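Read the structure below first, then the notes.
The values are calculated or read from the model by the stated rules, or taken from the named source; none is laboratory data. Everything quoted here is computed from the prediction, not taken from an experiment. Glycine gets a Cβ as well: all are built from the backbone with ideal geometry, and neighbour counts include every protein chain shown. Protein only, heavy atoms only, side chains kept; ligands, DNA and RNA dropped before computing areas. Shrake-Rupley method; radii C 1.70, N 1.55, O 1.52, S 1.80 Å.
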Amino acid sequence: GQLDTTCHAFVGETVVLPCTITLPGELTLSKSMLYWQIGTKLVHFFQNGQDSLKGQDEKFHGRTSLFLDQMKHGNLSLKISNVQLWDDAEYSCIYRQTENHQTKKSTIKLNVSGK
């Protein structure tokens, strides 16, 4: 995978990792899966129209959110609050439709600096 975007943040800030997809019409969120991952580590998972955070890496617990009202328009960006140095990584945004298994993936690098 090639790198799509690089983002920068300082420790303690809130950062939005951008990920958008363009599909004809609106996304059917009840038939969509969205994975945000670092390698195999699960940062955020959304399925059947809601967050599903059972398998979420504990370092991200309570710090991630999606723009639920904008998702149906293709905005799959992830908001991370209270950024930490260990958040510095390459993130994968993986969108999958449950019906036709169409998958779209993008890679976002987050560079975190200390104060």
Please give the per residue accessible area of the range 1-59, computed with a probe of 1.4 Å over protein heavy atoms only, in Å².
60
With Kirkwood radius over Cα pairs in Å in mind, check [x] 17.9; [y] 14.3; [z] 16.3 and report the label derived from this structure.
[y]
What accessible area, in Å² to the nearest ten, does a 1.4 Å probe give for Lys109?
40
Taking the alpha-carbon distance from Lys115 and a cut-off under 21 Å, which lysines remain once sequence neighbours fewer than 8 residues away in the same chain are dropped?
Lys59, Lys79
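Hey, if we sort Ser30, Ser81 by accessible area with the 1.4 Å probe, largest down, what's the order?
Values: Ser30 70, Ser81 40 Å².
Final ranking, largest accessible area leading: Ser30, Ser81.
Could you pull out the chymotrypsin sites (Phe, Trp or Tyr not before Pro) across the range 29-76 that fall in loop regions by DSSP (anything but H, G, I, E, B) with no more than 13 other Cβ atoms inside 10 Å?
On the way: sites: Tyr35, Trp36, Phe45, Phe46, Phe60, Phe67; in loops: Phe67.
Here the sparse-neighbourhood loop sites are Phe67.
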Give me the accessible area of Glu90, 1.4 Å probe, in Å² rounded to the nearest 10.
100
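Using a 1.4 Å probe on the protein heavy atoms, what percent of the accessible area of the chain belongs to carbon and sulfur? Don't jump to the answer; show the numbers that get you there.
Numbers: 3110 of 6400 Å².
For the chain, the apolar C and S fraction of the accessible surface comes to 49 percent.
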Roughly how many Å² of His61 are accessible to a 1.4 Å probe, to the nearest 10?
140
Can you list the residues, at least 5 places off or on another chain, whose amide H is less than 5 Å from the amide H of Thr28, using H built in the peptide plane?
none
Calculated from backbone phi, Karplus (6.51, -1.76, 1.60) coupling profile of the range 80-94 in Hz, x at Gly/Pro
10, 9, 6, 4, 10, 4, 6, 6, 5, 5, 9, 9, 9, 10, 10
Within the chain, the cysteines whose Cβ lies no closer than 4.7 Å to any other cysteine Cβ are Cys7
Among Leu76, Leu27, Leu66, the residue with the largest mean-square fluctuation in a Gaussian network model of the chain built from Cα contacts under 10 Å is Leu27
Counting alpha carbon pairs within less than 8 Å and at least 6 residues apart, what relative contact order, in whole percent, applies to the chain?
39
